[in-house]
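In what follows, a structure is listed as structure tokens, so that the remarks can point back to it.
The values are calculated or read from the model by the stated rules, or taken from the named source; none is laboratory data. The structure displayed is predicted, hence computed values, not measured ones. Counting neighbours? That spans all protein chains shown, and the Cβs are built from the backbone with ideal geometry, glycine included.
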Amino acid sequence: LMFGKARTCNIVTIPEHEPAECNIVVLGATGSGKSALTVKFLTKRFISEYDPNLEDTYSSEEIVDQQPVQVRVMDTADQDGPVNCERYLAWASAFLVVYSIDNKCSFEICQQYLEMVTPYTKGLQPESPIILLGNKVDMERYRQVSQTDGETLAARFGCTFFEVSACLDFPSVQHVFHEAVREARRE
Ligand code: GDP
Ligand code: MG
């Protein structure tokens, strides 16, 4: 009986397919901190100088809720808001739309991204999640976008909202990326 039980257990736990994957595209105005956030998530470190024209995709094996997942992060570098969106729309399983809380203009550019991405994701089955992210909360003194403004914009487009800082603690940055994985799994 014991033997039978163990065998059943083994059969259940043998992975039947490749580990799960999640592709996260990071969008937003130049200077909002997309690269700093991406590097922080991948290395736990804050890199203050990063080539603003560099667009790259990184991969990291993560454990989210005890389940392994291959997370790929595309750190985009659009200069003037949404352009050539075809390169990531079909690729992405989750969208991270970033602005800087000390820059009203970067917040307005987020709105452009949401207006472009949302009609696309709404047509998907399942829908891909979108997270609106206010970065640089360490710059509170220079805040130009209130938390309420962020929440209101997120609610309008049906996305989750967070505020973080790429140069403060790692866990809250990690939480945002992991939340993107969770939401993509749920959909
Ligand atoms: P990107 O163009 O969106 O990739 O932005 P970067 O990651 O290159 O960051 C732009 C500038 O903002 C750089 O000088 C970063 O050091 C700075 N930066 C990024 N994140 C933060 C943050 O959370 N707080 C502060 N104070 N500066 C940040
Ligand atoms: Mg960058």
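Any residue at all in the range 91-109 that's out of contact with any Pro (no Cβ under 9 Å at 6 or more places or on another chain), modelled with pLDDT of 95 or more, polar (S, T, N, Q) and not in a loop (DSSP other than H, G, I, E, B)? Taking every residue of the range 91-109 in turn, at least one turns out to be out of contact with any Pro (no Cβ under 9 Å at 6 or more places or on another chain), modelled with pLDDT of 95 or more, polar (S, T, N, Q) and not in a loop (DSSP other than H, G, I, E, B). In the set (1) within 12 Å of ligand 2 (Cβ to nearest atom); (2) of a type in the set (S, T, N, Q); (3) at pLDDT 90 or above, the condition left unmet by Q79 is number (3).
Taken together, the residues in the range 58-85 that are under 15 Å from L96 (Cα atoms), away from ligand 1 (no atom under 14 Å from the Cβ) and either in a strand (DSSP E or B) or basic (K, R) (or both) amount to 2. Number of residues in the range 124-145 that are farther than 15 Å from E183 by Cα and either of a type in the set (D, E) or more than 16 Å from ligand 2 (Cβ to nearest atom) (or both): the value is 10. Evaluation of T148 against the conditions (1) crowded, with 19+ Cβ neighbours inside 10 Å; (2) in a helix (DSSP H, G or I) shows that the sole unmet condition is (1). With respect to (1) touching a helix residue (DSSP H, G or I) at 6+ places or on another chain (Cβ under 8 Å); (2) assigned to a helix (DSSP H, G or I), the lone exception for G134 is condition (2).
So is S100 surrounded by 15 or more Cβ atoms within 10 Å (Cβ to Cβ), polar (S, T, N, Q) and farther than 14 Å from A180 by Cβ or not? Yes: the conditions hold for S100. On the basis of being polar (S, T, N, Q), surrounded by fewer than 21 Cβ atoms within 10 Å (Cβ to Cβ) and free of Cβ contacts under 8 Å to residues at least 24 places away in the same chain, does S60 make the cut? In short, yes. For the range 34-44, the criterion of being surrounded by 15 or more Cβ atoms within 10 Å (Cβ to Cβ), near ligand 1 (Cβ under 7 Å from one of its atoms) and part of a loop (DSSP other than H, G, I, E, B) is met by no residue.
Of everything in the range 123-146 that is polar (S, T, N, Q) and in contact (Cβ under 8 Å) with a residue 40 or more places away in the chain, the residue that is farthest from V25 (Cα to Cα) is Q144.
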